[in-house]
Amino acid sequence: MQKHIFNQHPADIAEHLESLDQKSRNIAFYMLSNDNKVEVFSYLKPDIQQEIVRSLTDKDLAEVLNNLEPDDRTELFENFPDELIKHFINLLNDEERVIALNLIGYKENCIARLMTPLYVQVKEHYTVKQVLLHIKKYGKKAETLNYIFIVDDHNKLIDDLKIGELLLADENAKVSDLIDRNFVSLVTTTPIEDAFEIFEKYDRFTIPIVTENGVLVGIVTFDDILDRMKMRDTEDIQKFGGMEELDVSYTKTPILQLIKKRAGWLVILFVGEMFTASAMSYYDEEIAKAVVLALFVPLIISSGGNSGSQAASLIIRAMALGEIKIKDWYYVLKKELASGLALGGILGLIGFIRIFIWQKTGIYDYGEYWFYIAITVAFSLIIIVLWGTLSGSLIPFLLRKIGFDPATASSPFVATLVDVSGLIIYFTIAATILNGKLL
């Protein structure tokens with residue numbers, strides 16, 4: 001490792017380490033100073049962190065773990081088996097061990113797993129001068145000094161103050177004169193997903209975490225929330241593409257693992273598409289009598305699948321952003337009903353005009369019943385696009401209602417559903433309109 005690398009920002013050092021092979025990376029990490037080890041470690045990707053942890057001696061590992069931010073340490077522990085976690089806990093000093101055990105004790109999906117106990121709190125009877133002296137004494141270890149938290153004698157949160165308000169206030173003013181007891185907080189058991197919405201709603205960098213009784217136990221910063229949002233969005237995108245989420249990055253995933261993650265959904269979707277062939281075989285007599293109907297199968301089915309995928313994308317994203325809840329299903333139904341009819345009408349009109357132009361210009365002869373074929377295609381497009389839109393928009397609600405991730409309503413899943421049902425709709429409409437003519 002070149003000497004000038006040591007003088008770079010920890011994030012740049014971490015990026016350089018990640019570009020090295022495992023042996024060189026471990027050696028380079030050992031060469032860092034103790035302070036640098038801790039800072040650089042927090043910027044490394046989770047899989048690289050695990051790799052380095054396994055290579056460190058107990059002495060070096062204890063140094064890193066004891067100085068690592070509690071929320072970062074908790075996230076690291078989540079990726080190790082219980083026996084290793086116990087070993088890591090034993091390497092911590094008494095103070096850090098208590099903090100680690102408290103954080104690990106919370107459920108995996110609750111906001112308390114992301115909190116840190118490193119913040120500055122004061123009492124309301126403090127003067128501004130006392131608060132500033134308190135910050136100088138205890139603020140070095142705090143994760144952020146953007147906010148100072150005010151508590152009562154029982155450690156219940158009363159309010160928080162921006163550091164700017166303190167710096168601009170008279171040094172003899174009391175904290176009680178500066179607060180209005182109107183603050184934003186999260187309960188320890190709040191699901192992480194719900195916390196995203198709170199951060200976005202109030203545009204906060206830091207939010208305090210309290211118990212059910214209002215006792216201040218930690219804070220969560222936006223950078224930790226942002227990391228989880230990126231993880232959530234990555235998982236959703238992978239699920240929406242019709243596969244299981246990857247445990248590590250694409251470049252770090254072995255080819256066999258990649259195949260395993262993708263094969264399951266492909267098999268399920270393939271089996272689903274087999275029903276498309278079954279549906280077509282059921283109407284083989286109609287197809288034999290009117291081969292022209294088969295010409296429009298790809299056009300009509302793909303239109304339904306595309307409209308379903310669009311709707312599913314919009315609804316899943318709106319759910320992720322907290323714009324709509326399960327109770328809003330009827331609102332979505334009405335909106336997508338109108339959208340589906342309009343979109344289907346547009347495509348149906350285009351389909352009708354296409355057949356009309358091809359027939360009149362002699363590009364293709366659809367026969368004496370061309371008008372009825374055009375009506376069949378146009379009406380089928382309206383109904384199938386409407387069906388695809390409604391399916392794509394309502395399936396996410398159904399999945400969330402029964403406890404599944406709405407992202408599982410992936411584009412391939414919706415497309416397969418609409419493919420099979422769309423064929424039935426198409427040939428049923430054709431049998432009705434063309435009965436006594438082509439059929």
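Look at the dipole of region 44-168 built from charges on Cβ: of Ile111, Gln130, Leu84, the Cα furthest out on the positive end belongs to Gln130.
Under the definition of Cα pairs under 8 Å and six or more residues apart, what whole-number percent is the relative contact order of region 1-128?
Numbers: 91 pairs, mean separation 25.2, N = 128.
Over region 1-128, the number comes to 20 percent.
Pairs from the list Lys45/Lys129; Lys37/Lys107; Lys335/Lys437; Lys136/Lys156 with a Cα-Cα gap above 32 Å: Lys45/Lys129; Lys335/Lys437.
Compute the relative contact order of region 83-231 as a whole-number percentage, counting only Cα pairs closer than 8 Å that sit 6 or more residues apart in sequence.
Working: 213 pairs, mean separation 38.0, N = 149.
Averaging sequence separation for qualifying contacts and normalising by length gives 25 percent for region 83-231.
In this structure, the amide hydrogen of Ile219, modeled 1.01 Å from its nitrogen in the peptide plane, lies closer than 5 angstrom to those of Thr116, Leu118, Ile209, counting only residues at least 5 positions away or on a different chain.
Once backbone amide H atoms are built at 1.01 Å from N, Asp159 has Ile150 as its partners under 5 Å, excluding neighbours fewer than 5 places away on the same chain. Averaged over residues, the count of other Cβ atoms within 10 Å places the peptides 68-74, 33-39, 384-390, 372-378 in the sequence 384-390, 372-378, 68-74, 33-39, highest first. Computed from phi, the 3J(HN,Hα) profile of region 372-388 under the Karplus parametrisation 6.51, -1.76, 1.60 (θ = phi - 60°) reads 5, 5, 5, 5, 4, 5, 5, 5, 4, 4, 4, 5, 6, 5, 4, 4, x Hz, with x in place of Gly and Pro.
For region 134-206, a simple Cβ point-charge model (Lys and Arg +1, Asp and Glu -1, everything else neutral) yields a dipole of about 420 debye relative to the Cα centre.
Read-outs: derived from the displayed coordinates by stated rules, not from any lab. Everything quoted here is computed from the prediction, not taken from an experiment. For neighbour counting, all protein chains shown are included, and Cβ atoms are generated from backbone atoms with ideal geometry for every residue, glycine included.
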